[in-house]
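Engineer: Quick one: this structure, given as structure tokens, is what I'll be asking you about.
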Amino acid sequence: MHRDPTTPRQRTIRPLPPRRSFLARNGILLALLLILSAGGAGYYYYTYETVASAEVALVQRGSALAGVYGTVAVEPVNQVVVRTRDFGLLSTINIKEGDTVKQGQVLAEMTDDNMQRQLDSVNSSIAQAKIRQSLGPPSTAALKNQEIEVDKLKKLLDANNIAAVEYEKAQNELTRLKEQVQNETISLNNEVETLDRSRAGIEDQLGQLQLISPMDGVILNLYCNLGEFVPPQTQLCRIGSASNQIVADVNEEDVGYLQPGMKAQIRLYAHQDKDLVGDLKEILPQAENQVYRVLFSLEDPPQTLLPGMTGEMNVIIGEHKDALTIPSRAVRKGNVVLAVIHGQVQEVHVRTGFHTLERTEILEGLDEGTSVILSNQDLYKPGVRVRELVRKAN
């Protein structure tokens, strides 16, 4: 059918579709964002303040031991410090640290030029004094002449050729000269003896410039250097005996539990893989800062036991059976333990009982089977999650 060209064309009006909301248009995008946010939150929750692992041990029942604790050091059984006795220059040092020395051995020598000059002067004076001594008293010739004069006057007196007073005067002069010769002899002898004593004194002082070992032993420390000018009482070296002992520092409140003959468990830091057994020999009577020194001998000392090595010791004095215990290294200062409960680190304050180097008794604060952190405690803050527990054999 054909349309009349003169008739206006009618348009068909179609209704617009309903307008969709933003949520409807972007629902899929929002859903995707929500899923990503939830995943991120979950990842954040499970990774924020989370550590990979922790070395732990379980609270378990067993015997709790009580021990007297102390820090220990290896010291020579005998030791001495060699000191100078006079001023002088260290001209010779015959030792070094680690050398073995014998009693009477010359360790070092000093020189003193001023003292040597004094000795030379005294030796010269002695030589001159002995020459004078060999020549005799200066009045000897006068004495001989007077003896001749007296004999001559005696003959004249006997012949009545002189007065008795003249003979008597000559006799008195003879007596005076005899006394003078005697005094001069004593003076000459005294001069030589005095000079000899002076020389002996100087030689003794020079002898003190030679430093001698007072004992057999080992040079532990050498304090001086060759060529130093040192005053009296300067430390040259420290000598220790070849045999060593363990010396423990024990607090005053614990020392009353100890007595000679007790056994000690000793651990030296230089031999941490070996627990040593020590026999208590002596408790020294003088305390210093409320700490007593206790001497031990080792039953089976390690091959390398050197002065200065340090460590710890325990003397067992009591036992509690069927007690809760944990490794002692799990207990921090203030009796605080880091426990892992439901995968999270918690700071637990505990009350402890018996204690040794190895284990500590727990009286309150922890249950049997709880995991406690043993090492690197500073890395674990309360609330931190732990993914894996690495349990160590108790």
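The values are calculated or read from the model by the stated rules, or taken from the named source; none is laboratory data. Everything quoted here is computed from the prediction, not taken from an experiment. All Cβ positions, even for glycine, are placed from backbone atoms using ideal geometry, and neighbour counts span all protein chains on display. Areas reflect the complete protein model, heavy atoms only, side chains present, ligands, DNA and RNA absent. Shrake-Rupley method; radii C 1.70, N 1.55, O 1.52, S 1.80 Å.
Engineer: Across all directions of projection, what mean area in square nanometres is found for the Cα convex hull of region 351-394?
Structural biologist: Averaged projected hull area, Cα only: 4.1 nm².
Engineer: Would you mind putting 100-106, 282-288 in packing order, based on average other-beta-carbon counts within 10 Å, highest first?
Structural biologist: Going from most to least packed, we get 100-106, 282-288.
Engineer: Per residue, how much accessible area does the chain show when a 1.4 Å probe rolls over the protein heavy atoms, in square angstrom?
Structural biologist: 64 Å²
Engineer: Would you report the distance distribution of C-alpha pairs in region 133-227 as whole percents per 5 angstrom bin, up to the bin with the largest distance?
Structural biologist: Once binned at 5 Å, the Cα pair distances of region 133-227 give 2, 11, 12, 10, 9, 8, 7, 6, 5, 5, 5, 5, 4, 4, 3, 2, 2, 1, 0.
Engineer: Given the peptides 156-165, 221-230, 57-66, arrange them by the average over their residues of other C-beta atoms within 10 Å, most packed first.
Structural biologist: 57-66, 221-230, 156-165
Engineer: Further question on the same structure: Just round it to a whole percent: the fraction of Cα-Cα distances in region 64-196 exceeding 28 Å.
Structural biologist: Cα-Cα pairs in region 64-196 separated by more than 28 Å: 61 percent.
Engineer: Work from the charge dipole of the chain (Cβ charges, +1 for Lys and Arg, -1 for Asp and Glu, about the Cα centre) and give the residue of A164, V336, A52 farthest towards its positive end.
Structural biologist: The residue sitting most towards the positive pole is A52.
Engineer: Let me ask something else about it. Skipping prolines and chain starts, which residues have an amide H placed within reach, meaning under 5 Å, of the one on L65, given they are 5 or more residues away or on another chain?
Structural biologist: H320
Engineer: Shifting gears a bit: Find, among the trypsin sites (Lys or Arg not before Pro) in region 279-359, those assigned to loop by DSSP (not H, G, I, E, B) with at most 11 other beta-carbon atoms within 10 angstrom.
Structural biologist: Here the trypsin sites (Lys or Arg not before Pro) that fit, given the DSSP loop and packing criteria, are K333.
Engineer: Which of the GluC sites (Glu not before Pro) across region 51-125 are loop residues per DSSP, with 14 or fewer other Cβ within 10 Å?
Structural biologist: Taking region 51-125 and a limit of 14 other Cβ atoms within 10 Å, the loop GluC sites (Glu not before Pro) found are E97.
Engineer: Cut-off under 29 Å on the C-alpha distance; same-chain residues fewer than 8 positions from K281 excluded. Which lysines are left, in chain and number order?
Structural biologist: Excluding near neighbours in sequence, the set is K102, K263.
Engineer: What are the residues whose amide H is under 5 Å from the amide H of N244, where those residues sit 5 or more places off or on another chain and H is modelled from the backbone?
Structural biologist: Counting only residues 5 or more places away or on other chains, the set is V77.
Engineer: What ranking, highest mean first, results for peptides 195-203, 247-255 when packing means the other Cβ atoms within 10 Å averaged over each residue?
Structural biologist: 247-255, 195-203
Engineer: Between region 184-245 and region 307-376, how far is it from one alpha carbon centroid to the other, in angstrom?
Structural biologist: If we compute the Cα centre of each part, the gap is 58 Å.
Engineer: Additional query: With angles folded into 0 to 90 degrees, how steeply does helix 164-208 sit against the dominant principal axis of the chain? Use alpha carbons for both and round to 10.
Structural biologist: 20 degrees
Engineer: Can you give me the orientation-averaged projected area of the convex hull built on the Cα atoms of the chain, in nm²?
Structural biologist: Orientation-averaged projected area of the Cα hull: 54.9 nm².
Engineer: Angle check, please: helix 140-158 long axis (alpha carbons) against the longest principal axis of the chain (alpha carbons), in degrees 0 to 90, nearest 10.
Structural biologist: 20 degrees
Engineer: Only Lys, Arg, Asp and Glu count, each charged at its Cβ (+1, +1, -1, -1), so figure out the dipole size of region 106-172 about its Cα centre, rounded to 20 debye.
Structural biologist: Charge dipole of region 106-172: 320 debye, to the nearest 20.
Engineer: Using a Gaussian network model on the chain with a 10 Å cutoff between Cα atoms, which of T356, T92, T175 fluctuates the most?
Structural biologist: Maximum fluctuation in the GNM of the chain, among the listed residues, is at T175.
Engineer: Name the aspartates and glutamates eligible as straight-distance cross-link partners of K321: C-alpha to C-alpha under 13 Å, and not fewer than 8 places from it in the same chain.
Structural biologist: K321 reaches E361.
Engineer: Nearest 10 degrees, 0 to 90: what angle lies between the long axis of helix 113-135 and the longest principal axis of the chain (Cα atoms)?
Structural biologist: Here the helix axis deviates by roughly 10 degrees.
Engineer: Now, a different point. Which of the aspartates and glutamates could be linked to K155 by a straight reach, that is with a Cα gap under 14 Å, when you skip same-chain ones fewer than 8 residues away?
Structural biologist: E147, E166, E168
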